[in-house]
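Colleague: My questions all concern the structure below.
The values are calculated or read from the model by the stated rules, or taken from the named source; none is laboratory data. Please read all numbers here as calculations on a predicted model, not as lab measurements. Backbone-built Cβ (ideal geometry, glycine too); neighbour counts: all protein chains shown. Accessible surface areas use protein heavy atoms only, side chains included; no ligands, DNA or RNA. Shrake-Rupley method; radii C 1.70, N 1.55, O 1.52, S 1.80 Å.
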Amino acid sequence: MRKNVSNAGEGCSCKAVFSLEKPFKGDVFFYYGLKNFHQNLRRYMDSRDDGQMVGRKTNLKNPSSYCSPFIRDQNGLPIAPCGAVANSIFNDTFTLFHHDSSGKSFKVPLLRRGITWYTDKNVKFRNPKVDNLTLAQVFQGTVKPLYWQRPVYELDQADPTNNGFINDDLIVWMREAAFPNFKKLYGVLYRADEHFTQGLPAGSYSIEINYNFPVQHFRGRKEVVLTTLTWFGGQNHFLPIAYLVTSSLILLIAVTLTVVWWKFGKNGKNMEE
Amino acid sequence: PYLCEERRVRANDREYNEKFQYASNCIMTSKYNIITFLPVNLFEQFQEVANTYFLFLLILQLIPQISSLSWFTTIVPLALVLTITAVKDATDDYFRHKSDNQVNNRQSQVLIRGLLQNEKWMNVRVGDIIKLENNQFVAADLLLLSSSEPHGLCYIETAELDGETNMKVRQSVSVTSELGDQNNLSSFNGEVVCEPPNNKLDRFCGTLYWRDKKYTLTNQNMLLRGCVLRNTEACYGLVIFAGPDTKLMQNSGRTKFKRTSIDRLMNTLVLWIFGFLVCMGVILAIGNAVWEREVGSLFQSYLPWDPPVDNFLFNAFLSFWSYVIILNTVVPISLYVSVEVIRLGHSYFINWDQHMFCSQCNTAAEARTTTLNEELGQVEYIFSDKTGTLTQNIMSFNKCSINGQTFGKYPLGPQPKRLDFTPFNPLADLDFCFYDDTLLESVKVGDLHTQEFFRLLSLCHTVMSEEKSEGELVYKAQSPDEGALVTAARNFGFVFRSRTPGTISTTEMGRPATYTLLAILDFNNIRKRMSVIVRNAEGRIRLYCKGADTVLLERLHPCNQELTNITSDHLNEYAADGLRTLALAYRDLTEDEWEAWSESHRCADKATDCREDRLAAAYEQIEQDMMLLGATAIEDKLQEGVPETIAVLSLANIKIWVLTGDKQETAVNIGYSCKMLTDDMTEVFIISGHTVQSVRQELRSVSLTGRTAACPPSSWSTLPCPPPPPPPPPPPPSNLMDNISGEFALIINGHSLAHALEADMETEFLSTACACKAVICCRVTPLQKAQVVELIKKHKKAVTLAIGDGANDVSMIKSAHIGVGISGQEGIQAVLASDYSFSQFRFLQRLLLVHGRWSYLRMCRFLCYFFYKNFAFTMVHFWFGFFCGFSAQTVYDQYFITLYNIVYTSLPVLAMGIFDQDVPDHRSLEYPKLYEPGQLNLLFNKKEFFICIAQGIYTSVVLFFVPYAVLSDASQSNGVPLADYQTFAVTTATALVIVVSVQIALDTGFWTVINHVCVWGSLGSYFTIMFALHSQSLFRIFPNQFHFVGSAQSTLLQPVVWLTIALATAICIVPVLAFRFLKLDLKPQLSDTVRYTQLVRQKKRKPGRLGARGGSRRSGYAFAHQEGFGELITSGKNMRLSSMALASFASRHSSGWIDTLRRKKHTSAQHLGGVQSSTQLCLWVSSSTLKLLLCSGRLTRYTY
C-alpha cells in the first residue's frame, strides 16, 4: 500500500483491539516498536547533519555531504532535515481508546512531550534563529524530506512550540537504535485526566492506527508496547537472572577453590624443596 | 694517471696528492644533518613494514565509501609514533656528531715546509708527514719513517685495533730511519705505491721509490690509526691512508641489526593476526554480501546504495576494506612504540643500576643497544673471553715457600694491613701488596735462603727496566708473571736496576751490585723453565733457574729430597688455591764447568741444522743437580666475584664456554680457579689432535666415555699435567648411574677446533660439547670464536651471549645474539661492538638474572596483556557486525577508538611493562632456577599467545552480549529506552575500560606509585575525557564532530548501566581469577613459591656456600710468555745504542731476533700435521699433547 512513494500523502487507518486483565498502575508508557529495521547501518547513521539540526543557518541551506543521498531534492533545493535518518521517520500515529464495561469509549490521553533526553531537546536539536519570522518563513527555501507528509515546521499541528527540529517525535527518531529490533517512546499516559489518575484500569482497549510507515517490503514488523516502569526501568528479565546465575557460579567456584586450596595449595608453598 | 688498483702517495707534496682526491682525515659516522634529517629519517621509518601498513590504512580511510573511521584515528597514533622515533634518531645522531667532532678536532703535529705545526686531525692530508709522541694516538695509517729509538724501531699498542695489550714493534725502512729529524724529513720526497684501502689489519704491501731505488714496504713498517705509541719518545710517519680509508674505519662496518627472539615471534604473530584480520574481514564481507542481498536490497528505499555500488557483491568488497580499517586495532600501531619505550626504560634501569656501577673505575653499566633487553632473560650459552674478562690480567705475587717455610698467609680481619716497604727500601714499588710481615722480617734478619730466593728473582728474568729519574723504576715485562716476580724481589730489597747485554745491575739490601750475565737459557714451552748464569762480584758463577715444578723438581740434587717433599706440599696447597706456581733453584758452577758448558753451548748455537734441538740439549746438560730454593705462587687475579658468578650462572642452567687465545694450561688453571672445572667432575676431556682423524677419534671416545661412564681411556690423560698422585680414581660401580649424567668438561685446542668445526664433524663436536658442563677452547683465533658462536646459534636455537674485552672478541661479540663488552683496560673496540658494557664480569649475573629476567618477564606480560586488550577491544565490532547488517559500523565513538590505545589503556600497561617484577632482585640472585622459564621460553610463546587471544575474544563476547541482552529491553526511569546506539556505545566502552583496568591490576605483580597513578589516572582520564567530549560546549562548536553530546551523563546516571558493567566485569574476571588460583594451587611456579615465601617472611636457609675445593695440583708454568726475548737481551738489540758497545754483535744478529719471532709465529700459524717433524713445532704444541704423545710412545726422545 505504501510501497509507492507517491501515495505518501494519503491516509490509511486500522484498528487493533486488546484488553487488559489487570490494571496498569502508575505511569504507563506507550512505545512503538520496529523489528528488522536497521537504524544501525553505518551509512544510515552517518546520513544526518547535526549542524543543520542544531539550527545553523548555513547548514540549513547547505546540508552536509554526509546526508547523501538525501541532501537535495530533484530541483536542487536543500532538504530539511536532510539525511536518511530523518527521511525514514516513523510516522504512524496512534490513538488509544478505553472501552469501559458500560461500553463507553474514552480517548486515553497521551502526553507526547518530554519523551526525549534533556540534552537532545535543549542542546542537540535547535531551530534556526527566528527573528520575528515564523518557523515556516525560516524554513523557506528548503523542502521536506521525500517521504514526509508534512514539512518539519508543521509536524505538530496541535502545539506550535513542538515544531521544527525540536519536535519530540523527530528527536526520538533521530536517536538511532543500536539494534535492528527496537522500541521507541511514543507517549506517556496523561494521568491528570480523571479516568486515568491510577494508571490504566483493566478492561478492553482499542488502538486506532493511522498507518503511514510501510515495513513489509523489508520484512519488518511493527508493534506497540504499553508498559509500566520501576526505579530502574522497564521489565527486564535478563539482568536478575544473569545476576543470580553469575553469583551462584561464583559461589561454586569459591567453594571449589577453597577445597582445592585445602587439599593441594597448602603444601608446596614452602621453600623446602 | 690514476689507477684504482693502487694508491700513490708522495711525501711532502700536497699538490701531487690532491690529484687523486684521496679521502681527507675527517671521519663522519653520523647519518643526518639538519636539512637531510626529515626526509631521510621519514624515508627510513616508512621502510618499516608496520609504518607502511598504517600509512596504507590511512589512505584507505580517506576513501569515503570505505572510511568506517575518521582519518584521525590513524594519523594521531601514526604521527605520535613517527615523532617519538624521529626524536630518538635525532638524539642518537647528535651524539655521533659530537664524538665525530671530538675525534676530528684532536691535535697532531704536521710537518709543513720544514716546520712542525699543530693541525686538527681532520686537516691532515695524505702525504703529510706527522710527528707522534709517546702515548699519542696514531692519527691515520702511517708509514713509519723514523723514530727516536735505535734502528727506527718503535713500539705500539694495538689494543683498539685487535685488543692485544702487549706491545708490538714496528721498524722503519733503514733508509728513512737514517733521516732522523724533521730537517731532513722535510726534504724527503719519496713516493709510495701501495694497495688501495682495505680492511686487512695484518697485511700491507707497497713499495717506496726514493732516489731511484725501490724499497719493499710491509705491515711491519706501518702504524695504523687507533694504535697508541708506547715507550718511544717520538716518531715520524707518512700518511698513507686517512679518515674513512684507514684500516680502523674500514673495519668498523655497520653493525648488523640484532633482533630478539621475542621480536621475531612478535612479527610472526603480527602476521598471523593480519591473517586473522583478513579472515574476519572476509567473514564479515560474506555476511555483508548475504545481508545486502537478503535485507539491504529491500531496505533501499530508506537507504539506497551509493552511486558506484550497483550490486551487493561490490558492497561486500567495500565492506571488507571498511572492516579492515575497523579491525586493524588488533595490531595497534602503539604496540611497536610501546615495546620500544619499555626497552628504553629497561635500558635506563641497567644504566642506572648502582649494583652494576664500578666505583674503582667509575663506570656504570651501559646498555648500548636498547632493543635486546628481554633476550637477556633467555640466555642459554655464554661465551667468555678469559684475559681481561674472567681475569684482570694482573698477576700478583701472593705466596712463596722458601726453604720449606711458607709465607704469605692472608691475615684475617676486616681491614688487613698492607706491608709498608718504604722505610726499609726506598726503591719499593708502592702498588705492591703483601700482608705477611714474617717474610719481611726474614729478609731483614738476613736469612740466606730468603735472600738467595729474592736474588734469583731479581736476576733470572728477561725484564727490561727504565729509570727515568733516580729510584723511579719502571719495569717492562714481557709477561705479567715475570713483572710480578721482579717487583716482589724489588720490594723485598733486591732491586733490579738495569741491564746491559752482559751485565745486570741490582741494588741488594741497599748496596749496589753488578753481576756479569754469562748466559740466558731462555724459556720455551717445552722446557717450561728459564735459567741465567751469572758471575757475581766475587767471581763465583751460579746458575739460577725458575720453572714449572714438574720439570724443575726432577732436576734437583738428590740431597734435596726432604725439602722437595715439603715444597711439594706447599705447591699443592698453592695450586689448590688456583695460584700459578713456579719452583726456584740454583746451582753453583765451577769455572771449569762453565768453560766446558760454554763451549758446548757455543757449538750448539752456531750449528746450522737442528740448532734448537742442540741448544735444548745443551741447556738440559747444565740444568742438573740444582739446589731447591723454594717456590712462588702468583695469583692470576680473577676479577672480583668471578667464581661466584659462574656458580650462580651455571645454577641458572646457563652453559659457559670459555674461548681464549691463551694457552691450554693457563686456560685450565683459570677454569679451576673460577670453579668452572672442579675436581668433582667425572672427567675433563682434552682434545688436542692435529689431524682430522685424531680429532674425530678423540671426540668419539669422549662421547663414548660420556655415554658409558666407563673407566677413563688409557690412551690419553684426563688432566693436562697429572700430579704425582694419579688422576681421580675410577668411580665405584654403584655410582654408575650418576656418572652417565655426570659432569664432564671439555677442553679443546684451537687447531683441533679448526677440524671440529668442519662441516662433517661439527654436529659430533656440538653434541659432545653440549653434553659437557664446561667447555674451554684455548688457542682460538678471533674468527674461531665467532665460528663457535655461530655453530651454537645454528644448531641449538638457543640464545647466546658473548662477553669479552678485547678487539679479538669483537667478532664473537658481533655474531652472538647479545654481545657484552667489558670496559676494562684493554681498548674500547669490544665495548664499541657490544650491546651491553660494564666493567666487571660479576655484573653479568645481575644483568642476566635480574635485569634480563625482569625484562623478559615484563615484556612477556606486556605482550600478553597488549594482545588481550586489543582483541577484547576490537572483536566487539565483529559481534556487532551481525546486528548492524555487516555495515562496518563501529561500536564505539570514534574518539574512543582513537584514544583507547594511546591514552586510556597505554600507561598502565607501560607502567607494568617497565616496573613489574615477580620477585625482588636479591631473590632472583638467590634462586637462579628462576631464570629457567626464560630459557624455555615459557612466558610468551604461541600457546600463551593463543590463551591471551582466547581471553580477549571471550571478553569481547561478554562485553558485547551482556549489554546487548540487558539494554535491548531496558529503559530509563522516565521511559526512554536504553537501546539507542549511543547509550550502548558508552556502556560497552566503559565496561571495556573497567575490565581491562581490573585485568591490568591483576596482572601487575609489583605496585609502584607510578602503577597506581597510571591505573587510576587512566580510569580517571577516561571519564574526564569522555565527559569533555560529550559536553555541550564542544558540540556547540563542532556539531558534526561530536554526535555524542550528553550521552555520558545520560548513560552513566542509569543504575541499569552500572549493573550491566558490574555484571560484565564479573563475568570477564572471575574465570581468570579462578584459573590463576587453580594454577597457583595445583602447579605453582618457583616464582610463585618464592613470592609466597617472601610474603610470609619465612626464615630461609642460606643457599649452601660452595665448598672449598681441595684440589689436584695444577702446575702453572703458565707464562703468557714468548720465547726469544732472551736472545733479544743478549743481542742488545733493544737497548739504546749509547748504553752499549755493539761491536761484538755482528750483523748476523742484526735482524735475528725479529726473524726468530716471525718465524715462530709463522710456524704456529700453520700448525702442520706432522708432529714428529720438528721440535720447533712442538714448542707450540701444548704440553698435554706432548704428554699424550709420550703416553702413546711416539716421542720417546723427550724424556726429561
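Colleague: What is the Cα centroid distance between the stretch B:628-672 and the stretch B:766-824, reported in whole angstrom?
Modeller: Answer, in whole Å: 17.
Colleague: Please identify every one of the trypsin sites (Lys or Arg not before Pro) in the stretch B:806-908 that sits in a loop by DSSP and has no more than 12 other beta carbons within 10 Å of its own beta carbon.
Modeller: Passing sites in the stretch B:806-908 do not exist.
Colleague: From Cα pairs below 8 angstrom and at least 6 apart in sequence, can you work out the relative contact order of chain A, rounded to a whole percent?
Modeller: RCO, chain A: 35 percent.
Colleague: Take the alpha carbon atoms of the stretch B:185-210, find their center, do the same for the stretch B:940-1011, and report the distance between the two centers in whole angstrom.
Modeller: Here the two parts' Cα centres lie 74 Å apart.
Colleague: At 25 °C and 0.890 mPa s, what whole-number value in µm²/s does Stokes-Einstein give for the translational diffusion of the stretch A:5-234, with Rh from the Kirkwood sum over Cα pairs?
Modeller: So the translational diffusion coefficient is about 130 µm²/s.
Colleague: For the pair B:Tyr215/B:Ile1037, report the inter-label distance in nm, with labels modelled 7 Å from Cα in the Cβ direction.
Modeller: Spacing of the two 7 Å Cα→Cβ label points: 8.1 nm.
Colleague: Given B:Leu1019, B:Thr363, B:Phe317, which one lies farthest toward the positive end of the charge dipole of the protein assembly as shown, if we put +1 on the Cβ of every Lys and Arg and -1 on the Cβ of every Asp and Glu?
Modeller: Most positive-ward Cα: B:Phe317.
Colleague: What is the list of residues in the stretch A:82-122 whose amide nitrogen lies under 19 Å from a point 7 angstrom out from the Cα of A:Thr161, following Cα to Cβ?
Modeller: It comes to A:110-122, nothing else.
Colleague: Of A:Gly55, A:Phe90, A:Ile209, which is farthest on the positive side of the dipole of the stretch A:5-234, counting Cα position, with +1 on Lys and Arg Cβ, -1 on Asp and Glu Cβ, and the Cα centre as origin?
Modeller: Comparing the listed Cα positions along the dipole, A:Gly55 ranks first.
Colleague: For the stretch B:456-508, which GluC sites (Glu not before Pro) are both in a DSSP coil and crowded by at most 14 other Cβ atoms within 10 Å?
Modeller: Sites meeting the loop and neighbour criteria: B:Glu470, B:Glu472.
Colleague: Okay, next question. R0 = 41 Å: FRET efficiency of B:Trp1016 with B:Ala79, Cβ-based, nearest 0.05?
Modeller: Result of the calculation: an efficiency of 0.90.
Colleague: Return one number: the angle in degrees, 0 to 90 and rounded to the nearest 10, between the long axis of the Cα atoms of helix A:238-260 and the longest principal axis of the Cα atoms of chain A.
Modeller: 20 degrees
Colleague: For chain A, modelled as a GNM with alpha-carbon contacts under 10 angstrom, which of A:Thr228, A:Thr197, A:Thr246 fluctuates the most?
Modeller: Residue with maximal mean-square fluctuation among A:Thr228, A:Thr197, A:Thr246: A:Thr246.
Colleague: At 10 °C and 1.306 mPa s, grab the translational diffusion coefficient of the stretch B:945-1097 from Stokes-Einstein with a Kirkwood Rh over Cα pairs, rounded to a whole number in µm² per second.
Modeller: Using the Kirkwood radius from Cα pairs, D works out to 90 µm²/s.
Colleague: Compute the separation of the alpha-carbon centres of the stretch B:531-608 and the stretch A:101-166 and state it in Å as a whole number.
Modeller: What the calculation gives is 121 Å, centre to centre.
Colleague: B:Glu508 to B:Asn118: extension gain in nm, 0.36 nm per residue of separation minus the Cα-Cα distance?
Modeller: 135.7 nm
Colleague: For A:Asn62, what is the net charge nearby, where nearby means another residue's Cβ is under 12 Å from its Cβ and Lys, Arg count +1, Asp, Glu -1?
Modeller: +3
Colleague: Something else about it: Which FRET efficiency, nearest 0.05, do B:Cys603 and B:Asn536 yield, Cβ-Cβ r, R0 35 Å?
Modeller: In this case the efficiency is close to 0.85.
Colleague: Straight distance only, please: which aspartates and glutamates reach the Cα of A:Lys129 with their own Cα at less than 20 Å, same-chain residues fewer than 8 apart left out?
Modeller: Partners within reach: A:Asp49, A:Asp50, A:Asp120, A:Glu154, A:Asp156, A:Asp159, A:Asp168.
Colleague: Under 10 Å, Cα contacts only: if you run a Gaussian network model on chain A, which one of A:Asp156, A:Asp131, A:Asp120 comes out with the highest mean-square fluctuation?
Modeller: A:Asp131
Colleague: Among the listed pairs B:Lys637/B:Lys675; B:Lys655/B:Lys793; B:Lys31/B:Lys793, which have their C-alpha atoms separated by more than 21 angstrom in this model?
Modeller: Long pairs (Cα-Cα over 21 Å): B:Lys31/B:Lys793.
Colleague: If you line up the Cα atoms of the stretch A:209-252 on their principal axes, what length do they span on each, largest first, in Å?
Modeller: Sorted from largest, the Cα extents of the stretch A:209-252 read 53, 26, 9 Å.
Colleague: Continuing with the same structure: Using only protein heavy atoms and a 1.4 Å probe, report how much of A:Arg56 is accessible, in Å² to the nearest 10.
Modeller: The accessible area comes out at roughly 90 Å².
Colleague: Would you look at the GNM of chain A, springs on alpha carbons closer than 10 Å, and say which of A:Val138, A:Val259, A:Val108 moves the most?
Modeller: Taking springs between Cα atoms under 10 Å, the residue moving most is A:Val259.
Colleague: On to the next question. With a cut-off of at most 15 other beta carbons within 10 Å, and DSSP calling the residue loop, which trypsin sites (Lys or Arg not before Pro) in the stretch B:498-600 qualify? Please list them.
Modeller: B:Arg540
Colleague: Express in nm, to one decimal, how much length is gained between B:Phe1006 and B:Trp272 on full extension, taking 0.36 nm for each residue of separation and deducting their alpha carbon distance.
Modeller: Stretched fully, the B:Phe1006-B:Trp272 segment lengthens by 261.1 nm.
Colleague: Cross-link partners among lysines for A:Lys22, C-alpha distance below 26 Å, same-chain residues fewer than 8 apart left out?
Modeller: Here the lysines satisfying the reach criterion relative to A:Lys22 are A:Lys104, A:Lys107, A:Lys183, A:Lys184, A:Lys222.
Colleague: Now, a different point. How many Lys pairs in the stretch B:197-303 lie less than 26 angstrom apart by Cα atoms, where the lysines are 8 or more positions apart or on different chains?
Modeller: Close lysine pairs found across the stretch B:197-303: 7.
Colleague: Hey, could you pull the Cα Rg and Dmax for the protein assembly as shown, both in Å?
Modeller: For the protein assembly as shown, the Cα-based Rg and Dmax read 44.9, 159 Å.
Colleague: Label A:Ser101 and B:Asn199 with points 7 Å out from Cα along Cα→Cβ: what is the distance between them in nm?
Modeller: Modelled inter-label distance: 10.7 nm.
Colleague: Please give, to one decimal in nm, the separation of the simple spin-label points placed at B:Val474 and B:Gln360, each 7 Å out from Cα toward the Cβ.
Modeller: Using points 7 Å along Cα→Cβ, the separation is 2.2 nm.
Colleague: Could you run the numbers on buried accessible area between B and A, total for both chains, 1.4 angstrom probe, in Å² to the nearest 100?
Modeller: Its buried surface, counting both partners, is about 6500 Å².
Colleague: Given the -39500 (n - 2.57) contribution per DSSP H run of 4+ residues, what per-residue ellipticity at 222 nm results for the protein assembly as shown, rounded to the nearest 500 deg cm²/dmol?
Modeller: Using -39500 (n - 2.57) per qualifying helix, the result is -12000 deg cm²/dmol.
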